[in-house]
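The values are calculated or read from the model by the stated rules, or taken from the named source; none is laboratory data. None of these values were measured; they are calculated from a predicted model. Cβ atoms come from the backbone with ideal geometry, glycine included; neighbour counts cover every protein chain shown. Each accessible area value is taken on the protein alone, full model and side chains, heavy atoms only, with ligands, DNA and RNA left out. Shrake-Rupley method; radii C 1.70, N 1.55, O 1.52, S 1.80 Å.
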Amino acid sequence: MNDVRPDPELISDTNPFQQMAVADVPGFSAATVSVPTPAIREALDLLDGFLQAPPDSGRHGNVIAVVGEYGTGKSHLVGDLLYHAETHSDPDRTRAVYLEAEQKTFVNLYKRFVEHLECDDVRDRVREFYADVLADALAGSDFTANVARAVRNGDLDPVDAVERLGLMESKHLGELQRLLGRVTRNTAFGTALTLLLRPGFTAAAWEWLTGHTPDQVLVDRGLTSAIATEEAALEAMGVFAVLYSHRDRRFIVAIDELNKVVSASRKPTENAIDAFKKMLDVFAGARALLVLSGLPDSFEVLGKDVGQRVGRVISVAPLTVDDTLELIRQSQARIGRGERLHPFDEQSVRYLVKVTEGNARRIVRLCHKLYRLARDEAREPEQGRVTDAMIRQAARDRSTFGTIDNVRTEIRRVVNGLGLEYVRDQLLNRDTDSRADYWLPVGTDNAGCAVLLTESVLVEAEAEALVNRATYIQAAVERTELILVVIGLVHEDLLSRLGAAFSSEPIIYDPWTFVDTLAAELAERVRVLELASGGDPLIAMRDRVSRVSRQQANTQRLLEQVTVALAGMRGTTEREFAVLQRELAELATRVRSGEPGTEQAPPLRLPPNVAGLFVSAQESLDTVDQVDAALRTMFASTEHDLNRAIDARVNIRGPLRSKETFPALGVASLLHRLLDAFRHGINDWYRTYVPSPTGQVQPGDRERLSALCRAYDTIYEYVPLFRLEGLDEFTPRAVEGEMSAPLSSLRLEHLKTTFNELSNRVQSAVLASVVGER
Amino acid sequence: MNPYVIPGMEHRPNGPLCPFEHDDHKKYYVPVDHSETRYFEFTEAIGDSSRLIEDGRLVVAYGRETCGKTALLNRCAKFVSDDLALREKRCAVIGLSDESSANIAIADRKKYVFRFVLDAIRRREWLEASDLRELQERQDDLVLAYRYLSESLPSDAVVVVLLPSIELTQELIDYAALVRPKLLLLAESSYVDEVERCWPAVQAAVPRVEPIRLMVDRLRVEDGWVFAKARQKLDAKDRDYPIVTEETMRLVTDRMKPSIGQLQRLLHGVYREILDQRAAGHALASPEMDEVSYEHITDFFFRASGQGLMP
């Protein structure tokens, strides 16, 4: 079965496997590799039953749920299904719509749905209803019976017929409006769809149907609001199912990645769930086919009532060894290499399936890599084969499954998005094995969530090391939840071991889904910890309020970014001003020193746009760290009034006794120093910066600047900013005996935002300042 | 000569009769589809037209498309105009039946109408320049504007406005609220059920005198022949077209259940084709063909549905 001879084709550049292994549903074609797994066969059987049911057979619509984990091939199945529908039905009588739920709400999903349909197409469907209405009205008399037949069978356009024969348009359109209102169970849609047929109203009606605010002519006709709620959007989708299933047409809608709209972390309202149920009923009643594809938790969130309305649940199982063998053969045949396995063999495929847990996306991605590795080694014919060692090598290769830097960036995004605090590389006791890559304290001091990062876990020893770390962390902390993020693969046999040591199964990093998965997992873990703490409800409430305000601050940060972008439009003017200032400063230096200036004389101070960033960071730190001011206030009070001086000393002892204060002072002090050091570093950069003859930044200078910024980032990443909350009471007001307002989380968030983005902003500002000098 | 072409309407053979523009149109009205009855209901309700100077009035003609609403209201306008002339009063008939489209918001449609009315009055030089300016400034509040107009018009003048066809009942109710002395608003609508449903609201909105509603409908079985007979010059020696018989017209009217407008379009089309064919020497339309049969008409109707034979 497996030829041993080296394969000359391996030298060819064409890799039979997709690098990213993402299903291209709209691009599905006869050439797409598709293994007929049991799930795919089941889905196609259902589809054939739907497509081939004769008219008046009592055929009813159906709702199919395609359920599976990330990367198992749900989208691929949907693509296969839609391609099958396209190639096995009358194109004039079948309409299939594919929707990838990227937009997170049903309203956005509906907008994309209706864009697929196009105005003329929808109008043609309404025209068919109108033809029936008109034909019914004319069929009763032999005078008009011929016209009725011609209208009904489509030889005569009903709108034209009414116009040409001077028929009573208001009566027939009124009947159409009532009919559409009745079948769609929505009078507003009856009105809007009917207006599509009236000259002069089409654009306004279509505009409303595509989710926009109604034009005044529609408001006059009772359509007063846009399709802008989740409920309205779901209802609207049902309306089109009715419209497109009329006259025994076949209408198929596939909603892929439903989990982006509905998931444990994105629960719809009760009203939206009710509307969703109604939509399923409408699809079934309209004899249309609705395919919902998503993660299992989407269907759990939608609840039992929705589940009962799903006609068939198709679970997409992991690929078996046989499936994978077939996949490899088909993939090779697709590029003309024949149905061969080489450079794989059954043994390597078996191992491949083990380490990927049969996850289709991981298999294809790894196959791509392995094929390339085998090809690279093909100069030595006996080595041009995929081995277990090569599979491990590919699985450990960072480029196969994403880089640790990307993962860290995404983790930071998720944690900030959830409004959680974190510390990087935290040792939870003195043992180095108790290190959490990210430690997220929850509630009291001794509880939190630990996130551990690792590359592929393919052998026993690697799993053992991780289990050890989990055990040490659990021993070091009173209550902890543990999340393992794997940037790579986990051998199937090691999964249960890891699952038992951590709070749940490892999250295998996937660039498309990681953010959502981690967010859901973290939210759940934090919830578990909060429930377990049970203790002081006030503390739990305070934490929650504080988290909400952090989330709000993150939103505000987004707005600020927009503001920054707008401010950038003033850049040119400011740069010119900066150049002028620098030239004046240089001139002043030369005058003072009496020396002739050189062409690249070092600037004496930072350009204003760069200096401004440091000043603003310093100011935001000063709003949080008021220790100096508090101390000055205390000393000042001794000069005036002995009693006040005693009170001041008493007052300042309060914060000094708090165990939160000194870690907070340490953090504040480090931030001051970090800022100073960074500023000096940038100043030095300017002193040694030499522009290229074209005025551009030389690669060496650019790299020096990046290195400075990276240095800042590396240190900043480790600073536990949340400790600054310990400075709450160390303020001048507190020293004077006034009630001290708790440190505003908004100020703290502002500080975080400023320091978070400082390196990026400084880098951009420095480059802009020197480029602008020419 | 096609017997269904009315003098003055050669360019628009299926348009409504309009006696206030073409005096001789008066004699072309045929007592079909209750329109004669409705006309007399109107004249009786109006009585002495000079009373409009004191009260003003709203009249609503309603019935499906091509049932003769516009022709009926045109006749009513002519009646008022003639009656006022007899009483040495002035009357301005402003015909806006064809103006303004349905796909414009109600508020804008009403503004357009007011501007047309203002232009028509300006041309008649019935108002001082200062009044016209005041009226222009009041366009954003039409209740005030129409009130001002009513008060500013000469004491012996009535303005008759034939409004564009109304689809939405709210617009009808709005116009009811604008009725003022010296203003006769003639409205029409094809939306029969809607007008009947909103009629109590229309009545409640009219400030003074009860509004008048005139419903026109499809033809009764005998109406087809009444109409055809009136148009055919049965005893004319110079007749150059075949006739249609009472029996045929009863069949057509019974089975097609047409409106007066549809029948006009149909018969005008049939005769135009015959006359065109006859002029071209076509055998089927030879001078020997003396009668238009039922089959001839149904065949034409079917062909017309797909080919636009009826303009």
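Between A:Arg733 and A:Arg430, what is the spin-label point distance in nm, taking each point 7 Å from the Cα along the Cα→C-beta axis?
Using points 7 Å along Cα→Cβ, the separation is 4.3 nm.
Check which residues have an amide H placed less than 5 Å from B:Val158's amide H, if you skip close sequence neighbours.
Under 5 Å from the amide H of B:Val158: B:Arg90, B:Cys91, B:Ala92.
Using unit Cβ charges (K, R positive; D, E negative) and no other charged atoms, how large, in debye to the nearest 20, is the dipole of the stretch B:223-307 about its Cα centre? Don't jump to the answer; show the numbers that get you there.
Working: 12 positive and 14 negative charges, 71 e Å.
I would put it at about 340 debye.
Starting from the Cα gyration tensor of the stretch A:119-207, take the square roots of the eigenvalues, sort them a ≥ b ≥ c, and report rounded, prolate or oblate (rounded when a/c is under 1.5, otherwise prolate if a/b is larger than b/c, else oblate). Provide the component values of the computation, followed by the final result.
On the way: a/c = 1.98, a/b = 1.64, b/c = 1.21.
Note, shape of the stretch A:119-207 comes out prolate.
Using a 1.4 Å probe on the heavy atoms of the protein chains only, list every residue of the stretch B:251-270 that has 50 Å² or more less accessible area in the complete assembly than in its chain alone.
Buried by the other chains: B:Arg255, B:Gln262.
Taking amide H positions as placed in the peptide plane 1.01 Å from N, state which residues far from B:His282 in sequence (5 or more) or on other chains have amide H under 5 Å from it.
none
So what are the ³J(HN,Hα) numbers for the stretch A:706-716, from phi and the Karplus equation (6.51, -1.76, 1.60; θ = phi - 60°), rounded to whole Hz, Gly and Pro as x?
Per residue, the Karplus-derived 3J(HN,Hα) values read 4, 5, 4, 5, 4, 4, 4, 4, 4, 6, 4 Hz.
For the protein assembly as shown, build the charge dipole from Cβ charges (+1 Lys, Arg; -1 Asp, Glu) around the Cα centre, then report which of A:Leu751, B:Leu17, A:Leu531 sits farthest towards its positive end.
It is A:Leu751.
How far apart, in nanometres, would the label points at A:Ala31 and B:Ser101 be if each is projected 7 angstrom from Cα along the Cα-to-Cβ direction?
Here the modelled spin labels are 4.7 nm apart.
Could the peptides A:704-711, A:693-700, A:278-285 be put in order, highest first, of the mean number of other beta-carbon atoms found within 10 Å of their residues? The partial results should precede the final answer.
Values: A:704-711: 16.5, A:693-700: 11.1, A:278-285: 20.9.
Final packing ranking: A:278-285, A:704-711, A:693-700.
Note the full-extension length gain between A:Asp297 and A:Met20 as 0.36 nm times their separation in residues minus their Cα-Cα distance, in nm to one decimal. It would help to have the intermediate numbers written out before the result.
Values: separation 277, 0.36 × 277 = 99.72 nm, distance 2.49 nm.
Roughly 97.2 nm would be gained on extension.
So, with a 1.4 angstrom probe, what is the percent of accessible area on chain B that is carbon and sulfur? Intermediate results must be reported in sequence, preceding the final value.
Details: 6380 of 13660 Å².
That share works out to 47 percent.
For B:Arg115 and B:Arg303, what is the calculated FRET efficiency with R₀ set at 51 Å and r taken between the beta-carbons, to the nearest 0.05? Could you put the intermediate results ahead of the total?
On the way: r = 43 Å, r/R0 = 0.85.
Between B:Arg115 and B:Arg303 the formula returns 0.70.
Round to the nearest 0.05 the FRET efficiency obtained for A:Arg334 and A:His212 when R0 = 56 Å and r is the Cβ-Cβ distance. Before the final figure, lay out the partial values.
Working: r = 44 Å, r/R0 = 0.78.
Efficiency, rounded to the nearest 0.05: 0.80.
Note down the magnitude of the dipole of the stretch A:111-230 about its Cα centre, charges +1 on Lys and Arg C-beta and -1 on Asp and Glu C-beta and zero elsewhere, to the nearest 20 debye.
Details: 14 positive and 19 negative charges, 71 e Å.
I would put it at about 340 debye.
Just want to confirm a number: the relative contact order over the stretch A:119-207, from Cα pairs under 8 angstrom separated by 6+ residues, in percent.
Values: 93 pairs, mean separation 21.6, N = 89.
Relative contact order for the stretch A:119-207 comes out at 24 percent.
Counting only other chains, and only Cβ atoms inside 10 Å, what mean value do you get across the residues of A:144-154? List each step's numbers first, then the result.
Details: counts 8, 3, 6, 6, 1, 1, 3, 1, 0, 0, 0.
Averaged over the peptide's residues, the number is 3.
Using a Förster distance of 56 Å, how high is the FRET efficiency between A:Tyr718 and B:Arg197, based on the Cβ-Cβ distance and rounded to 0.05?
Numbers: r = 75 Å, r/R0 = 1.34.
Computed FRET efficiency for A:Tyr718 and B:Arg197 comes out at 0.15.
Could you size up the charge dipole of the protein assembly as shown around its Cα centre, putting +1 on the beta carbon of Lys and Arg and -1 on that of Asp and Glu, and report it in debye to the nearest 20?
Numbers: 132 positive and 164 negative charges, 222 e Å.
In debye, rounded to 20, the protein assembly as shown gives about 1060.
A:Asp48 to A:Ser225: extension gain in nm, 0.36 nm per residue of separation minus the Cα-Cα distance? Please list the in-between numbers first.
On the way: separation 177, 0.36 × 177 = 63.72 nm, distance 4.00 nm.
Full extension from A:Asp48 to A:Ser225 adds 59.7 nm.
Tell me, in nm to one decimal, what length is gained between A:Glu492 and A:Asn406 on full extension, where the rule is 0.36 nm per residue of separation less the Cα-Cα distance?
Details: separation 86, 0.36 × 86 = 30.96 nm, distance 2.52 nm.
That works out to 28.4 nm of additional length.
Heads up, I need the accessible area for B:Arg38: 1.4 angstrom probe, whole protein in place, Å², nearest 10.
50
Mind giving me the nanometre distance, one decimal, between the label points for B:Lys229 and B:Tyr28, set 7 Å out from Cα along Cα→Cβ?
2.1
With θ set to phi - 60°, apply the Karplus curve 6.51 cos²θ - 1.76 cosθ + 1.60 along the stretch B:121-131 and write out the HN-Hα couplings as whole Hz, x wherever there is a Gly or Pro.
6, 4, 4, 7, 6, 8, 10, 6, 4, 5, 5
What average number of partner chain Cβ atoms lie no more than 10 Å from the Cβ of the residues making up B:296-306?
Numbers: counts 0, 1, 6, 1, 0, 5, 9, 1, 5, 16, 8.
For peptide B:296-306, the averaged partner shielding equals 5.
Over all residues in A:322-330, what is the mean tally of Cβ atoms on other chains that come within 10 Å of each residue's Cβ?
Details: counts 0, 0, 0, 0, 0, 0, 0, 0, 0.
Other-chain Cβ atoms within 10 Å of each residue's Cβ, averaged: 0.
Nearest 100 Å² is fine: what is the total accessible surface buried where chains A and B meet, probe 1.4 Å?
2500
Can you list the HN-Hα couplings for the stretch A:132-143, worked out from phi with the Karplus curve (6.51, -1.76, 1.60; θ = phi - 60°), rounded to whole Hz and with x for Gly and Pro?
Each residue of the stretch A:132-143 in turn: 5, 4, 5, 4, 4, 5, 9, 6, x, 10, 5, 5 Hz.
Would you check the accessible area of A:Ser245, probe 1.4 Å, heavy atoms only, in square angstrom rounded to 10?
Surface open to solvent at A:Ser245 totals about 10 Å².
Per residue, how much accessible area does the protein assembly as shown have with a 1.4 Å probe, in Å²? List each step's numbers first, then the result.
Values: 49310 Å² over 1085 residues.
Using a 1.4 Å probe on heavy atoms only, each residue of the protein assembly as shown averages 45 Å².
Would you please give the residues with an amide H less than 5 Å from that of B:Val60, counting only those at least 5 places away or on a separate chain, with H modeled from the backbone geometry?
Those lying under 5 Å, H to H, from B:Val60 are B:Ala187, B:Ile212, B:Arg213, B:Leu214.
Would you rank A:Ile363, A:Ile404 by solvent-accessible area, highest first, keeping every protein chain in place and using a 1.4 Å probe? Display every interim value, and only then the final one.
Values: A:Ile363 0, A:Ile404 40 Å².
Descending order: A:Ile404, A:Ile363.
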